Amino acid sequence: MSQTRALHFVFKVGNRKETVKFFRDVLGMKFLRHEKFEEGCKAACNGPYDGKWSKTMVGYGPEDSHFVIELTYNYGIGSYKLGNDFLGITIHSNTIVDRAQQCGYPFTTEKDVSILTSPDGYKFNIINKAAQGDPVKQISLASSNLTQSVDYWSRLCGMTIYNQDAKSAILGYDENQCKLELVDIGQKVDHATAFGRVAFACPGAELPSLEEKMRSENQTILTPLVSLDTPGKATVQVVILADPDGHEICFVGAEAFKELSQVDPAADDLLQKAIDADKSDEWFAKKGKSKESA
């Protein structure tokens, strides 16, 4: 069994208030941590921006046993252009559709899958069945060349191939973890400005060799091994990579990340205070402007 574990996927969000309602009231997730920063992350965790930003972790349980979502909010950005790179997250739940109906939140149903789209345009595929283990079962990303993508994720990143046909492949680090589905879309993958990032934890001692393996294969290293500080919390080592289609991948040292990722009981209060104190919409309105689109 691999010691590498799927952690989270990063969404950039412009409409934080409505996004919070969607993840809490419709998907039924819980807020796990909320952190704010006055300047951009040196590993570009908040994208190519230097201003004030926050990240909020949300999921169905602690990140050391569940695949969760990171909501990245840049205070000056109101919206992001979607590409064709992110295809959806699959969740098993027999309560989400009922909550969506009660909230009046729109969804469509195709065969046995109900499709909900977040306020910022990200798609969630709901399988109406009780979850066994973590309800988040799969994240789907686009590929322009499935053979090349599968080789990268299996041979270089060490994933197991669980299923593959001419158009898609399902890979993962463990049968009981969230899987990665790669779908051949038959065209170039466009990340636009909403591009996300998928994160994995592995033993910290493996990070230098992982970086060297990628370097020897002439693969893209977006951020060489670097230490990231979170005030009052653990310092985590990370390497940021990109696969052949430009999907960003963060590998973090598992030991320090386990300490960093503990659930904060104050997460809800911290997030609500941040939303209440965020006057950026009003500031732009007084200037006769709307928030910029990234």
For the list (1) in contact with a strand residue (DSSP E or B) (Cβ under 8 Å, 6 or more places away or on another chain); (2) small (G, A, S); (3) outside any helix (DSSP H, G or I); (4) surrounded by 15 or more Cβ atoms within 10 Å (Cβ to Cβ), I need the number of the one condition that A100 fails. (3)
One residue from A199, A142 being closer than 30 Å to V20 by Cα, modelled with pLDDT of 95 or more, of a type in the set (A, V, I, L, M) and touching a Cys at 6+ places or on another chain (Cβ under 9 Å): A199
Mind telling me which of the residues E282, E248, E212, E217 ends up being of a type in the set (D, E, K, R), loosely packed, with under 15 Cβ neighbours inside 10 Å and closer than 26 Å to K81 by Cα? E282
For A131, work out the one condition from (1) in a strand (DSSP E or B); (2) at pLDDT below 95 it doesn't fulfil. (1)
Pair list, Cβ under 7 Å, 6 or more apart: region 222-241 residue closer than 17 Å to S209 by Cβ, other residue buried (at least 18 other Cβ atoms within 10 Å of the Cβ) and at pLDDT below 75: T223/A43; V226/A43; V238/A43; I240/A43
Answer residue from region 50-97, given it is more than 20 Å from I126 (Cα to Cα) and free of Cβ contacts under 8 Å to residues at least 60 places away in the same chain and is surrounded by the most Cβ atoms within 10 Å (Cβ to Cβ) among those: W53
Go through (1) surrounded by fewer than 19 Cβ atoms within 10 Å (Cβ to Cβ); (2) modelled with pLDDT of 95 or more; (3) more than 17 Å from the chain's Cα centre (by Cα); (4) not aromatic (F, W, Y) and name the single condition G121 misses. (3)
Out of region 174-188, which residues are buried (at least 19 other Cβ atoms within 10 Å of the Cβ) and under 28 Å from Q237 (Cβ atoms)? Q177, C178, K179, L180, L182
Restricting to region 146-176, what's the tally of residues that are part of a helix (DSSP H, G or I) and either of a type in the set (G, A, S) or touching a Lys or Arg at 6+ places or on another chain (Cβ under 6 Å) (or both)? 2
Give the residue that is nearest to L207 (Cα to Cα), with candidates limited to residues of region 223-279 that are assigned to a helix (DSSP H, G or I) and of a type in the set (K, R). K258
Tell me which of these I126 doesn't satisfy, since it passes every other one: (1) under 20 Å from G196 (Cα atoms); (2) crowded, with 17+ Cβ neighbours inside 10 Å; (3) of a type in the set (V, I, T); (4) touching a Ser or Thr at 6+ places or on another chain (Cβ under 9 Å). (1)
Give me the pairs: first residue in region 272-283 and closer than 9 Å to Y75 by Cα, second residue at pLDDT 90 or above and in a helix (DSSP H, G or I), beta-carbon distance under 8 Å, and six or more apart or on different chains, which are they? D278/R16
Hits in region 212-257 - residues which are over 29 Å from D184 (Cα atoms) and of a type in the set (A, V, I, L, M, F, W, C): L225, V226, L228, A234, V236, A254, A256, F257
If you go through region 134-163, how many residues are buried (at least 21 other Cβ atoms within 10 Å of the Cβ) and touching a helix residue (DSSP H, G or I) at 6+ places or on another chain (Cβ under 7 Å)? 2
Selection count where residues are over 22 Å from G47 (Cβ atoms) and either modelled with pLDDT of 95 or more or touching a strand residue (DSSP E or B) at 6+ places or on another chain (Cβ under 7 Å) (or both), scope region 212-234: 6
Among the residues of region 35-42, is any more than 14 Å from L270 (Cα to Cα), crowded, with 18+ Cβ neighbours inside 10 Å, touching a strand residue (DSSP E or B) at 6+ places or on another chain (Cβ under 6 Å) and touching a residue at least 24 places away in the same chain (Cβ under 8 Å)? no
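The values are calculated or read from the model by the stated rules, or taken from the named source; none is laboratory data. This one's a predicted model, so the numbers in the text were calculated from it and none came from an experiment. Here Cβ is always computed from backbone atoms with ideal geometry, including for glycine, and neighbour counts include all displayed protein chains.
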